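Undergrad: I'd like to ask some things about the structure below.
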Amino acid sequence: MTENRSDEVARGRPREHRNPLPGLPDLRRVGANPDFWYPVALSRGVRSGRVAATAFAGERIALFRGRSGAVHALEDRCAHRQVPLSMGVVDGETLRCCYHAWAYRGDGRISQIPYLSKGDGRPPRGVRAYPVREAYGLVFVFPGDPERAAVTPLPDVPGFASSKYRTMTFSRTVRCHYSFMHENLLDMNHQFLHRGVVGRLQPKLLAYESGPRSVEARYLFTHTGGKRNRSAGLLAAEGIGGRASSDVMTIRTEYPYQTLDLVPEKADHPALRLWAVYVPEDAEQRTCHAYGLLMIEKPRISAALHVAWPFIRHFTERVFAEDRMAVEAEQRAWDEQGEDRNHEVFSLILDVRDVLRANGVPLGPAATARACDTRACDTRACDTRACDDLVP
């Protein structure tokens with residue numbers, strides 16, 4: 001049942017403050033529910049005849065595209081000597097381990113062991129195969145119960161196929177628990193963080209609704225001064241002339257995805273639409289991969305957006321970099337303290353924490369122990385990955 005908070009917001013009376021109660025699970029120890037479709041790669045990153053390594057919550061996955069063009073997702077280990085299959089070679093519609101050339105079909109079963117004789121022992125059945133689908137330029141896998149994959153729909157991204165919008169795709173690693181990302185986007189009171197690129201923005205929470213699986217908030221944004229990056233105006237559909245406007249932004253967490261729609265003043269449809277999801281990579285779920293589809297309305301003069309595209313990309317990179325700086329700092333604080341010591345005062349965020357906690361799954365004891373053992377580790381020094389890609 002959805003609960004509407006608009007009356008409380010209008011009266012200026014926030015709900016009773018709710019810090020986590022004793023015995024309530026620490027949200028940062030709650031894992032993402034695997035029974036949903038999660039993107040794990042860009043489609044164009046899985047080229048024909050090639051293998052790509054990815055992961056979901058510590059489960060290493062090998063993606064390969066066979067001769068037919070279909071993408072397959074296998075557990076990233078050979079059943080023989082446990083060598084990663086992502087090091088292997090695509091052979092038609094099979095994936096061969098680089099070590100002894102054991103060949104695997106897309107369903108994970110072994111199709112050939114080149115040197116196996118009739119008298120040799122039979123091989124194991126193979127490795128786990130994940131349900132996989134391609135949509136929106138992304139490769140989705142279903143890491144949970146495979147029987148649920150057929151009845152679980154892919155996320156709906158209505159603006160992606162519309163000729164009215166052009167889409168920018170984001171694919172970035174962020175060193176934090178996925179819940180910090182949900183909170184960051186929903187809580188628009190952090191605009192002071194972006195003062196250098198958007199000037200002084202005054203967000204006003206108009207109303208919000210919450211339910212068992214979702215939280216939705218509507219804000220009114222007013223630019224009250226300061227220098228505003230030109231690309232911010234273009235994203236808000238101010239146009240080439242720079243007409244000032246007040247914008248209404250609707251942000252929704254519909255577990256496990258997030259959406260954002262920005263409707264300029266006097267407009268009847270969004271000038272900007274965002275779909276995002278934060279996919280945990282490691283077993284401790286202290287690192288996630290943010291995938292986003294930013295759909296920007298095409299102006300009457302289509303060439304204008306083409307010219308502005310690099311500047312919009314640069315603007316979004318700056319905003320995302322500032323957000324990432326903040327959420328990674330939150331994660332480091334949690335690592336140092338070993339628990340969530342937040343003192344949250346915004347009821348909207350308390351509600352989204354409830355949604356994430358209720359719909360997530362407990363992290364296993366091994367993952368929790370590893371998180372505790374590595375709490376003092378400086379993740380910036382330990383992480384050797386240097387390739388965070390934002391793809392236009």
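The values are calculated or read from the model by the stated rules, or taken from the named source; none is laboratory data. Computed from a predicted structure; not experimentally measured. For neighbour counting, all protein chains shown are included, and Cβ atoms are generated from backbone atoms with ideal geometry for every residue, glycine included. Note: accessible area is taken over every heavy atom of the protein model, side chains too, but ligands, DNA and RNA are not part of it. Shrake-Rupley method; radii C 1.70, N 1.55, O 1.52, S 1.80 Å.
Undergrad: Please compute the modelled spin-label separation between ASN33 and ARG341, points set 7 Å along Cα→Cβ, answer in nm with one decimal.
TA: In this crude label model, ARG341 to ASN33 measures out at 3.3 nm.
Undergrad: Okay, moving on. Within the accessible area of the range 84-220, what % is carbon and sulfur when the probe is 1.4 Å and the other protein chains stay in place?
TA: Details: 3300 of 6540 Å².
For the range 84-220, the apolar C and S fraction of the accessible surface comes to 51 percent.
Undergrad: Tell me the accessible surface of ILE110 in square angstrom (1.4 angstrom probe, heavy atoms of protein chains only), to the nearest ten.
TA: So the heavy atoms of ILE110 present about 30 Å² to solvent.
Undergrad: Still on this structure, I have one more. How big is the range 130-208 along each principal axis, measuring the range of its Cα positions in Å and listing the largest first?
TA: Largest first, the range 130-208 extends 48, 34, 29 Å along its Cα principal axes.
Undergrad: In square angstrom, rounded to the nearest 10, how much accessible surface does ILE301 have for a 1.4 Å probe?
TA: Counting only protein heavy atoms, ILE301 exposes about 120 Å² to solvent.
Undergrad: How high is the FRET efficiency from ALA161 to ALA267, r the C-beta distance, R0 25 Å, rounded to 0.05?
TA: Working: r = 21 Å, r/R0 = 0.83.
Working from the Cβ atoms, E equals 0.75.
Undergrad: Multiply the residue gap between ALA358 and ARG148 by 0.36 nm, knock off their C-alpha separation, and tell me the result in nm, one decimal place.
TA: Numbers: separation 210, 0.36 × 210 = 75.60 nm, distance 1.92 nm.
Answer, rounded to one decimal: 73.7 nm.
Undergrad: Related question: With the crude spin-label approximation of a point 7 Å out along Cα→Cβ, what separation in nm comes out for ARG318 versus ARG67?
TA: For the pair ARG318/ARG67, the computed spacing is 5.2 nm.
Undergrad: Something else: How much accessible area per residue does the range 50-168 have, in Å², with a 1.4 Å probe?
TA: Values: 6090 Å² over 119 residues.
Value returned for the range 50-168: 51 Å² of accessible area per residue.
Undergrad: Top to bottom by accessible area (1.4 Å), largest first, where do HIS80, HIS194 land? Kindly include the intermediate steps, with their values, before the conclusion.
TA: Working: HIS80 55, HIS194 5 Å².
Correct descending sequence by accessible area is HIS80, HIS194.
Undergrad: Between GLN191 and SER117, 0.36 nm times their residue separation minus their Cα-Cα distance comes to what?
TA: On the way: separation 74, 0.36 × 74 = 26.64 nm, distance 6.74 nm.
Stretched out fully, the GLN191 to SER117 stretch lengthens by 19.9 nm.
Undergrad: With contacts defined as alpha carbon pairs under 8 Å and 6 or more residues apart, what's the relative contact order of the range 67-126 in percent? Could the numbers behind the result be given before it?
TA: Details: 82 pairs, mean separation 14.4, N = 60.
About 24 percent, as a whole number.
Undergrad: Could you please put SER43, SER117 in sequence from largest to smallest accessible area, using a 1.4 Å probe? Present the calculation step by step, with values, prior to reporting the outcome.
TA: Values: SER43 20, SER117 65 Å².
My answer, sorted largest first, is SER117, SER43.
Undergrad: Quick check: Cα centre of the range 265-337 to Cα centre of the range 177-214, how many Å?
TA: Result: 13 Å between the Cα centres.
Undergrad: Given a Förster radius of 45 Å and the C-beta distance between ARG109 and LYS204 as r, what FRET efficiency does 1/(1 + (r/R0)^6) yield to the nearest 0.05? List each step's numbers first, then the result.
TA: Details: r = 58 Å, r/R0 = 1.28.
After rounding, the FRET efficiency stands at 0.20.
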